[in-house]
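Presented below is the structure to which this report refers.
The values are calculated or read from the model by the stated rules, or taken from the named source; none is laboratory data. Every value quoted in this text rests on a predicted model; they were computed, and no experiment measured them. Every residue, glycine as well, gets a Cβ built from its backbone with ideal geometry; the counts of neighbours run over all protein chains shown.
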Amino acid sequence: MAYEIGEIRLSQQIFYYLLEHHELREEDEQRLYRAFTDEEQVQNLVKSQAEEALSSVERYGDVIYLIPKEENVFLGFSKAELKKRLCKSTGTDKDYYLSQFIILTLLVEFYDGQGSSSKSREYIRIGELQNCISDRLKEGVEHNSEEDEDRNGIAFQNMLEAYEALRSDEKGTRQKTTKEGFLHTILQFLEEQGLIDYVDEDEMVKTTKKLDNLMDWNVLNQNNYQRIRKVLGE
């Protein structure tokens, strides 16, 4: 299939914009947005460039997103990078997997609806989230034997041990060695990625439209939804 030089240049401009901003909205850049949505040749070229960069370009609602694939550590994060960002300096794999479980628990608390949108609530208090994390870890240990954990690859006992090893932060120091500080670091990271609004002074978390779109259109397709429910033992 032959492409015009103008189409190639437009596709490169769109892809570079997505690399810089991670998303493309019509109100921010109407020319590029219209070129992607209205010109099939340009859209195909953009998606082809994304594929070569271990990513995908998807339009959810009125926003076009650049989504790194799991193995993409250039546009995304490697396990080592996430461990450094989210865990204490002496953090182990137990701490890393606990951080991922906390993120997963947060998502399930927000997105458990079965209607036109999977979102089931507008906000969650930090105290309630802490209780949910503790309860789900204990339930996981109670309902999964060592054989179950080996088979499913979900080490609830290890994560519970890592969580209980964190001190309670009575002085509000936000250190990663405390339950409150560990959770605070994770929520700050999610806010930096544009996924949540973390209202620290009100001890409240809300989701952004970006996360709502990604959950409804991408993460919670039926296959992924069942995987998430299985992880949490539901």
- Item | Test: Y60 is touching a Leu at 6+ places or on another chain (Cβ under 9 Å) and closer than 28 Å to E4 by Cα | yes
- Message: Every residue in the range 84-107 that is out of contact with any helix residue (DSSP H, G or I) (no Cβ under 6 Å at 6 or more places or on another chain) and of a type in the set (A, V, I, L, M, F, W, C), please.
- Response: I103, L104, L106, L107
- Message: Criterion first (within 19 Å of D112 (Cα to Cα) and modelled with pLDDT of 90 or more) does V199 satisfy it?
- Response: no
- If we ask which residues in the range 165-192 are surrounded by fewer than 13 Cβ atoms within 10 Å (Cβ to Cβ), part of a loop (DSSP other than H, G, I, E, B) and not hydroxyl-bearing (S, T, Y), their number turns out to be 3
- Task: State yes or no: is S56 part of a strand (DSSP E or B), on the phi < 0 side of the Ramachandran plot and among the small types (G, A, S)?
- Result: yes
- Query: Out of the range 158-196, which residues are more than 16 Å from R85 (Cα to Cα) and modelled with pLDDT under 90?
  - Reply: R167, S168, D169, E170, K171, G172, T173
- Query: Would a scan of the range 124-142 turn up a residue that is modelled with pLDDT under 90, not in a helix (DSSP H, G or I) and not hydroxyl-bearing (S, T, Y)?
  - Reply: no
- Item | Search result, residues across the range 155-195 that are closer than 30 Å to N213 by Cβ and either β-branched (V, I, T) or not assigned by TED's automatic domain parsing to the domain that holds L214 (or both) | T185, I186
- From the list A80, A50, pick out the single residue that is exposed (fewer than 15 other Cβ atoms within 10 Å of the Cβ), part of a helix (DSSP H, G or I) and either of a type outside the set (S, T, N, Q) or out of contact with any Cys (no Cβ under 7 Å at 6 or more places or on another chain) (or both). A80
- Query: Yes or no: T37 free of Cβ contacts under 8 Å to residues at least 60 places away in the same chain, assigned to a helix (DSSP H, G or I) and of a type in the set (S, T, Y)?
  - Reply: yes
